[in-house]
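One structure is given below, encoded as structure tokens.
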Amino acid sequence: MYCMTVWHPDHGDRWYDEGVRKSLQLIKEAGFTHINWNPDSGWSYVYAPSEMRFIAKIVADAGLKTYTIHAANGRNARTEWGYGPAMEMRKDIASPHKWQREAGIDLLANRVDLAAMMNAPNMVLHIDIDSFDSSGRGANE
């Protein structure tokens with residue numbers, strides 16, 4: 001197995017379908033068999049079921065398999081804050097606020113659904129361990 005990360009930059013109106021398709025084609029032509037799905041991993045974007053089906057289809061159509069989904073914890077200030085104050089880490093599994101933690105769990109469940117749709121056996125999630133106290137709850141609960 002040879003795996004390559006798909007992390008396509010947001011360039012142009014059709015970057016997501018045409019741009020990602022082209023990237024997948026190039027990955028396949030380079031001899032890779034599997035991908036690590038990374039687009040949208042650094043922020044709290046929630047995939048619609050139709051998008052998940054589309055992503056799974058274009059990966060399969062490229063003759064590739066998904067090895068890993070890169071999940072999101074909703075705490076990436078570099079990307080979240082770049083999209084305006086309305087997106088400021090509302091889905092945060094390490095928040096001291098119950099509703100934000102639950103929203104973070106919903107975000108993670110969305111990535112689990114994407115992994116299942118793509119038949120990905122692995123998922124990566126980055127989180128700061130010091131965000132939790134010894135009970136596993138948000139530090140300021």
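The values are calculated or read from the model by the stated rules, or taken from the named source; none is laboratory data. Small disclaimer: the values here were computed from a predicted structure and weren't measured. A quick note on method: Cβ atoms are made from the backbone with ideal geometry, for glycine too, and the neighbour counts reach across all protein chains shown. Quick note on the areas: whole protein, heavy atoms, side chains included, nothing else; ligands and nucleic acids left out. Shrake-Rupley method; radii C 1.70, N 1.55, O 1.52, S 1.80 Å.
Some observations on this one:
- Accessible-area order (highest first, 1.4 angstrom probe) of the listed residues LYS98, LYS91: LYS98, LYS91
- Two-site label geometry, GLU18 and TRP99: point separation in nm, points 7 Å out along Cα→Cβ: 4.1
- Charge tally around ILE27: other residues with Cβ under 12 Å, Lys/Arg +1 each, Asp/Glu -1 each, net +3.
- Approximating the spin labels as points 7 Å out from Cα along Cα→Cβ, the LYS57-to-ASP113 distance works out to 1.8 nm.
- Global geometry of the range 10-63, whether rounded, prolate or oblate, following the gyration tensor of its Cα atoms and the 1.5 cut on a/c: prolate
- Taking 21 Å as the limit for the C-alpha separation, the pairs LYS28/LYS65; LYS57/LYS91; LYS22/LYS57 exceed it in the case of LYS57/LYS91.
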